[in-house]
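Derivation of every value follows stated rules applied to the coordinates shown; laboratory data play no part. For clarity, every value in this text was computed on a predicted model and none was experimentally measured. In this analysis, Cβ positions are derived from the backbone assuming ideal geometry, glycine residues included, and neighbour counts consider all displayed protein chains.
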């Protein structure tokens, strides 16, 4: 039992170390490229492309997680294609939008809709017909001469960077968002019971969780200052700081899980799986947190709720109060 307890403690401290390392590396990463903010392409033929769209000859695809999505030659998909962490290859026809998170998109067929990439590269090969705009966020794009595009190629990373006056800040937020999603999926896979108990505590004791989280943040600087003042207690101060970061990370993942569950339950209930919930929820939290003026406040509220729930549940090792519904582990 003692070995298991030490292993659990090590896993709970891991998020703090991972976030520190990831944010340090993310701050040093810069997407290099000379792509313009918007590339205006041909506009003639847009109406013909819609009018000549072939009939559907393929099943509507469900959102894909960490797998390659291939639309074969001769296949016609009516509906949107969504991929999380996998590549998208289109040889046939897609009558809908294409959305890819952390994956590349290669097209030599036809797409009648908007193509959006977050953290991936876009390639339009010879023979491609795209009737819609292409949004590339955090990646690069390339287009061969014999491909046809009836729309614009928009580098949304640089566009938002110019809007906010800080392109590097947008790049950093992209990598931090990706780090949160990866960390959330890792925690809910390795320690699902711990995250579930924290999530249940947030739902049943939201006010108390917020109060404990706020009190912890107010007392943390004083405690750390005293420990650093005592030279002998410096290792203890480091452990306390890493523990706070780990608790904040665990609580934020639990909050993201709740948000993702709420969104997917109302939009695509048949795809309401745990990885999808965590990925969508943490992405929404990161995007909302990047909003000017109010983003930091929303992130602070979510972080304090999660932090307090982590302490109330003792890092997700006990059930603080009786849940209203059975825990869906």
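Could you line up 56, 137, 78 from fewest to most neighbouring Cβ atoms inside 10 Å? Before the final figure, lay out the partial values.
Details: 56 14, 137 21, 78 18.
Final ranking by Cβ density, sparse to dense: 56, 78, 137.
Gap in Å between the Cα centre of the stretch 251-296 and the Cα centre of the stretch 80-100?
Centre-to-centre (Cα) distance: 22 Å.
Using the scaling law 2.2 N^0.38 Å as the reference, what is the normalised Cα Rg of the stretch 195-287?
On the way: Rg = 16.9 Å, N = 93, 2.2 N^0.38 = 12.3 Å.
Taking N as the residue count of the stretch 195-287, the ratio is 1.37.
Neighbouring Cβ atoms within 10 Å as the yardstick, rank 296, 257 fewest first.
Going from least to most buried by this count: 296, 257.
In angstroms, what radius of gyration and Dmax does the stretch 197-246 have, counting Cα atoms only?
Here Rg and the maximum Cα pair distance are 13.6, 41 Å.
For residue 223 and residue 72, compute 0.36 nm times the residue count separating them, minus their Cα-Cα distance, and round to one decimal in nm.
48.3 nm
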